Every structure is written in C-alpha cells, then in structure tokens.
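Trainee: Below you'll find the structure I mean.
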Amino acid sequence: MHETGTHVDVAIVGSGFAGLGAAVRLRGAGREDFLVLEKGDTLGGTWRDNTYPGCACDVQSHLYSFSFAPNPEWTRTFARQPEIRAYLERVADRYGLRDRIRFGAEVTAARWAGKGWELELADGSRVHARALVWGTGALHEPSVPDIPGLDEFTGAVFHSAQWRHDHDLTGRRVAVIGTGASAIQFVPTIQPKVASLALFQRTAPWVLPKPDRPVPAALRRLYRAVPGVQKLQRALIYARNEALVSGFLKPRRMAVVERFARAYLHRVFADRPDLEAEVTPDFTIGCKRILMSNDYYPALKRPNVDVVTEKIVRITPNAVMTADGVEHEVDTIIFGTGFAVAAGVGHSVPITGRDGVRLADKGVVEGFLGTTIAGFPNLFVLTGPNTGLGHSSMVFMIESQLNYVLDALRVLDEHGAVALDTRRDRQDAYNAALQRRLDGSVWTAGGCASWYLDDDGRNRTLWPGYTFDFRRRTRKVRPSDHELLA
C-alpha cells in the first residue's frame, strides 16, 4: 500500500443508519481507529437526501431505531423525515462521532491492495484501511426512466429524492410519474396546492390503511421515566411484524390480507367504481412492496387529479404524450420512480478485489449473509444482497450485520491474520439455498415481476424468512466459511 494519505484500521463509507451504527459499535468495542467518509456536508443518509413533502417511514418508530439508542420522544407511531434525521444527529452527538466523520469525502474508487483497502476520494486524497465497511445503503441512487424527449421538456423536472423546494407548486400543472412509496406520500401533500395533477400509473400498488397516530405527551413521559415500557412496546411491534413472514413465503396465506386491502379500496371508491377499477392491482399482494397511506386513495378522487394508465411514449416541450395519442399538458414533471436498487454495490463506485476483479464486472452480485463477498477480503457490506425486508425494520438487519462485522474483526485479531475472505464454495452453497427458499414465495410465484428481481428473475434483494433467524446466523463468524489471509 502507498504510504501517502490517511491510515485507519476501519474505514466506513456513509453516515446513515448503517454508517453511524458501525461507528457506535466499533467505539463500544474499544476500536477507536476508524473514520467515517461521507460525501455530503451533513449526516443522515437517505433521511438527509429525501426531503419531499410528506416523507415518512413505513416502519413503526420504536422499531425503526437503534436498540442501543431508544428514543422516547417520537411524536408519531410512524416518524416523519425531520424527526428521523434529528434522531440520527442526536445519536452522532451522544456517541461523540462528529470528529470521526469526514464530510465532503466522496469515495470514487476502492481497491484491495494486498494487505488492506485503498480508497480514492474525489478531492484526490487517499484513505488506507485494513477493513472497509460499506454503509451507503440501497436507496440512494435515484432511478429515472429513459423517456424519449425528456431533455426537450421546458418546465421543471426532478426526482422525489432531489426535491426542488425552490419550485413553488402552487397553481402548477404537475405530472407525477410513478406510484411507489414516495409518490403515495407526496401526492396527497401537493394535491391541494396544484392546479392539476396527472398521475401516470404503470402498475397499481396495493395500499393498506396506515395505523399512524400522535404519541401522547403523557406516554412519552412514561417512556422517559420507565424505559422498560418502551422496550416492551418495541418487542410487541417486532413480534407482530414477524407474524407476516409466513404469508410472504406461502402466497395462499396472503388471501386474508388481500381481502382486507380490497375492502379498504372498495370502501374509499364506493362512489367511483371507474377509478376503483383503475387502481386495483392485478398481482398477489406482497409481490411488490405493500404501501400504507390514509390519504393517497382519497387524493386520487379530487377534481384536480387524473389517474392515467396509458403508457407514456414521449415527452414534448410542454406535455406528456401517452400511447392513446393524448398530450397531457404540464409545466412540472416529478418522478416517483424509486431507486436503482438492482445496480447494487460496486456499480456506482468501482470496487476492485483480489486478482484485479471489479465487483461491477461480476454482473450479478451475490454475498454471504448479505455481508461479505468472496474475492473481496475485509469488505463488509451493510444492507447487502438479500438483506432487504418487506415487513420489518432494516435497522434490525443492520445491527445483526454489525454483530458479524465485529466478530470478524475479533477473529482476525485472534488469529493474527491480515484479512478474512469468504470461501466461494460456501457463498455459492449459501445462495443456492437462499434461492430455493425464495422459490414459491409471493415474490416469485405466479409470474410476479418487481424491482426485487434482477434481469434473470432472481430475487437478490429480500431476506426469505424471519429476521430473528438472520440475527442468529450473523451472531458469530464461522472460520470454516472463510479463508484467513496472512
């Protein structure tokens, strides 16, 4: 490795839940030689980047937080973006992490250099680390469809994750393209102020009522005074969410949930059967992400909203043209089309492992327990392949992975090894078993197509089971799964 640049034992990329969690756990284990590299000028990850109107979490607040840093001050059952970001700021302060975060440090390349990782930064500097924790997450690269004529549009164009707060939507004619998790939150929020809103729907999502409500001040006081009460509440939420897993693995068990969703949809659109037909999904509930909202469906019934199900064929300078030949005149286009999840780690930033192999060149990226990747020693990917969830909190999964990372570092120290590299045969066997568990699940049965699947129809995104099983499997490193490099 080159001698120039900063040298640390562990480099962490990203300062969202994953990156901050890694920093807290390293410090708690007495490992002080680490550095967090954050390309932005503030911390927070996806909760810093996504500031669109109505932005909120769809996992209950008590569970969508670190187990080691409970927050008795949540004001709602499902926290909104400003509160979540403020929570992360407090975590950084509580554990004294700010002096360990280098802001404006965008990693442009990472290379295994024989005894550690060499990171190149956008400003030309380098960081050298024995271990690399990749904590950028999956939801940070906005996905914008390639629509002919988009570059000719004369109005404002932006993605929900890059919200133009300087662009006043009052009285605007707005096109919203996409009906994903962000769209169902910002559409009801902007609907009252715009002159017209054309919602271009490619696939209708399943939407359930959101059991969101304010947390009374008296209850927050109780959480502060008796922390065990909040801990119990977290446990109850966790258990209730885990009960949904069997339905995802056995699609026929989703029938009850689907009947409930259909009843909700029918109740809202009882006076608009034409619109009910347009927004009724044609796939088994759970195949795609289940969304929750109390105001999305009612917003679609407003006089200034038009749900368009015809395929978009072109963007003109002042309109969105659909396959039926209609030009929908608009002055603003907002994409609610999610993120480039399928690209995965190593595609936006080149990561080169042993023997000069680049992660992006591998095509499909598979991991071992979603955390390590064969051929990339001492690389630990948080929220890596097949760690995503459709029912519970990713923070729980991150904490499970951190158990694995800390134990891997312990194994390295105890054996006096330079690096730990996953055995490819163990990784292949693990992924074969994983895909067998996914076969027949709601995510693959009946021709289900979603962003969960790659181009080969394989689900490289979700964990096919209970999160407590993932926690059990990541509690300790089994040296036999890996090769220790001297």
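Trainee: Once the convex hull of the C-alpha atoms of the stretch 428-486 is built, how many Å³ does it hold per residue, rounded to a whole number?
Mentor: Here the figure is 114 Å³ per residue.
Trainee: Given H placed 1.01 Å from N in the peptide plane, which residues other than close sequence neighbours of residue 294 have an amide H under 5 Å from its amide H?
Mentor: Under 5 Å from the amide H of residue 294 lie the amide H atoms of 210, each far enough along the sequence or on another chain.
Trainee: Relative contact order, percent, of the stretch 296-405 when contacts are C-alpha pairs under 8 Å separated by at least 6 residues?
Mentor: Across the stretch 296-405, relative contact order equals 12 percent.
Trainee: Mind pulling the angle between the C-alpha long axis of helix 81-94 and the longest principal axis of the chain? Nearest 10 degrees, somewhere in 0 to 90.
Mentor: Here the helix axis deviates by roughly 20 degrees.
Trainee: Counting only protein heavy atoms and a 1.4 Å probe, tell me what percentage of the stretch 351-399's accessible area is made up of carbon and sulfur.
Mentor: Exposed carbon and sulfur together represent 44 percent of the surface.
Trainee: On to the next question. In the chain, what cysteines have no partner Cβ closer than 4.7 Å?
Mentor: Among the cysteines of the chain, those whose Cβ sits 4.7 Å or more from every other are 55, 57.
Trainee: Ignoring ligands, DNA and RNA, what percent of the 1.4 Å accessible area of the stretch 412-481 is carbon and sulfur?
Mentor: After summing per-atom areas, the C and S share lands at 47 percent.
Trainee: Once every DSSP H run of n ≥ 4 in the chain is given -39500 (n - 2.57) and the sum is divided by its residues, what mean residue ellipticity at 222 nm do you get, rounded to the nearest 500 deg cm²/dmol?
Mentor: -8500 deg cm²/dmol
Trainee: Still on this model: May I ask for the Kirkwood hydrodynamic radius of the stretch 54-97, worked out over all distinct Cα pairs and given in angstroms to one decimal?
Mentor: 10.7
Trainee: Tell me, Kirkwood radius of the stretch 209-346 from alpha-carbon pair distances, in Å?
Mentor: By the Kirkwood definition, the hydrodynamic radius is 19.4 Å.
Trainee: If you don't mind, another one. Heavy atoms only, probe 1.4 angstrom, no DNA, RNA or ligands counted: give me 468, 335 ranked by accessible area, highest first.
Mentor: Most to least solvent-accessible, the answer reads 468, 335.
Trainee: Here's a follow-up. Per residue, how much accessible area does the chain have with a 1.4 Å probe, in Å²?
Mentor: 43
Trainee: Additional query: Per q in 0.10 1/Å, what log10 I(q)/I(0) does a Debye calculation on the alpha-carbon atoms of the chain return?
Mentor: -0.81
Trainee: Continuing with this model, one more query. Charges only on Cβ, +1 for Lys and Arg, -1 for Asp and Glu: so what's the dipole of the stretch 338-486 about the Cα centre, in debye to the nearest 20?
Mentor: For this selection, approximately 320 debye.
Trainee: Roughly what percent of Cα-Cα pairs across the stretch 335-481 reach past 18 Å?
Mentor: 58
Trainee: Quickly work out the residue 314-to-residue 226 label distance, labels modelled 7 Å from Cα along the C-beta direction, and quote it in nm with one decimal.
Mentor: Output for this residue pair reads 6.8 nm.
Trainee: Nearest 0.05, what FRET efficiency do residue 327 and residue 51 give at R0 = 45 Å with Cβ-Cβ as r?
Mentor: Working from the Cβ atoms, E equals 0.90.
Trainee: Using only Cα atoms, find the angle between the long axis of helix 424-438 and the longest principal axis of the chain, and express it within 0 to 90 degrees, rounded to the nearest 10.
Mentor: Tilt of helix 424-438: around 30 degrees.
Trainee: Averaging sequence separations of C-alpha pairs under 8 Å and six or more residues apart, then dividing by the length of the chain, give the relative contact order as a whole percent.
Mentor: 20 percent.
Trainee: Let me ask another. Mind checking the full-extension length gain between residue 27 and residue 151? Use 0.36 nm per residue of separation minus the Cα-Cα distance, one decimal, nm.
Mentor: That pair, residue 27 and residue 151, stretches by 39.9 nm at full extension.
Trainee: Output the Cα-based Rg and Dmax of the stretch 140-292 in Å, rounding Rg to one decimal and Dmax to a whole number.
Mentor: 19.8, 59
Trainee: Any of 250/311; 288/362; 231/301; 288/476 with alpha carbons more than 29 Å apart? Name them for me.
Mentor: In this structure, 250/311; 231/301; 288/476 exceed 29 Å between Cα atoms.
Trainee: Still on this structure, please answer the following. Which percent of the accessible area of the stretch 250-301 is formed by carbon and sulfur heavy atoms (probe 1.4 angstrom)?
Mentor: Ligands and nucleic acids excluded, carbon and sulfur reach 54 percent.
Trainee: Give me the distance in nm between label points sitting 7 Å out from Cα along the Cα-to-Cβ direction at residue 262 and residue 77, one decimal.
Mentor: In this crude label model, residue 262 to residue 77 measures out at 2.5 nm.
Trainee: Rg over Rh of the stretch 299-412, using C-alpha atoms and the Kirkwood radius, what does it come to?
Mentor: 1.19
Trainee: Evaluate the stretch 131-190: find the radius of gyration of its Cα atoms, find its Kirkwood radius, and give the ratio Rg to Rh.
Mentor: Checking Rg against Rh, the ratio lands at 1.05.
Trainee: For the pair residue 277/residue 193, report the inter-label distance in nm, with labels modelled 7 Å from Cα in the Cβ direction.
Mentor: About 3.6 nm, to one decimal.
The values are calculated or read from the model by the stated rules, or taken from the named source; none is laboratory data. Owing to the predicted nature of the structure, the values given are computational and were not obtained by experimental measurement. Positions of Cβ are backbone-derived with ideal geometry, glycine not excepted, and every protein chain shown enters the neighbour counts. Heads up: the accessible areas ignore ligands, DNA and RNA and are worked out on the full protein's heavy atoms, side chains in. Shrake-Rupley method; radii C 1.70, N 1.55, O 1.52, S 1.80 Å.
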